[in-house]
Structure formats: C-alpha cells, structure tokens
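First up is the structure itself, then whatever we jot down about it.
The values are calculated or read from the model by the stated rules, or taken from the named source; none is laboratory data. Everything quoted here is computed from the prediction, not taken from an experiment. Please note: Cβ atoms are built from the backbone with ideal geometry, for glycine as well, and neighbour counts cover all protein chains shown.
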Amino acid sequence: MLTPASRVRVRSAGPDDQAIESVGIFRGLVSIGGDNALAVELESADREENGRVRLVPLSALLAIDILEAAKPEEEKRSEPSQTPGYFR
C-alpha cells in the first residue's frame, strides 16, 4: 500500500520519450489547478537535489515501486464528550 513516509521509486514521462526516475520519500497527493500529482521528497547523492520535493503529475506516471512501505497512521478518535449529567 502506498502510504505517506514510504520510500518509493517513481518513473514518469520526461522529454524526448525518456523516463525520469525519482527516488525518495512519498509525502502525499497534491492538487494544483485541478490536476493531481504525487509529492516525492528526493533522496540523491547530488547535494542540490537531495531534500527537494518533486511533484509528479498522475498523467505522467509510468511506474511506482514501493521500496519500503511505511505503516499507515491509525485513525485518531477522540472520546465522545460527556454531557454534564443530564442523561444518565
């Protein structure tokens, strides 16, 4: 399952029929002007690229490899508020 904080490798369409490969931490989905994109925080040996967030449009996706899956956060539920003694 693709969950935020999972380590992924994303291949997407690039210029001249070449694929762009992005390896990093999946941060979530982003919507920009009605288009959805994956947000990937890049891991790279290149100091300039490392830590940069790349937005990959869903229409450009070729493949997603999940290298390390993060556990999904459990839904946090609060206790229902107690009424002040009116209904016992």
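Just name the residue that is farthest from Pro57 (Cα to Cα) out of those in segment 35-46 that are among the small types (Gly, Ala, Ser) and at pLDDT 95 or above. Out of the qualifying residues, it is Ala39.
Within the set Ile64, Ile32, the sole residue that is of a type outside the set (Asp, Glu) and modelled with pLDDT of 95 or more turns out to be Ile64.
Okay, residues lined up against (1) in a strand (DSSP E or B); (2) of a type in the set (A, V, I, L, M, F, W, C); (3) under 12 Å from Val10 (Cβ atoms):
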| site | (1), (2), (3) |
| --- | --- |
| Ile25 | yes, yes, yes |
| Asn36 | yes, no, no |
| Ser44 | no, no, no |
| Val56 | yes, yes, yes |
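Each row is one residue, and each column tells you yes or no for (1) of a type in the set (A, V, I, L, M); (2) farther than 15 Å from Asp65 by Cα; (3) surrounded by 11 or more Cβ atoms within 10 Å (Cβ to Cβ).
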site	(1), (2), (3)
Ala5	yes, no, yes
Pro15	no, yes, no
Ser22	no, no, yes
Arg27	no, no, yes
Val30	yes, yes, yes
Gly33	no, yes, no
Val40	yes, no, yes
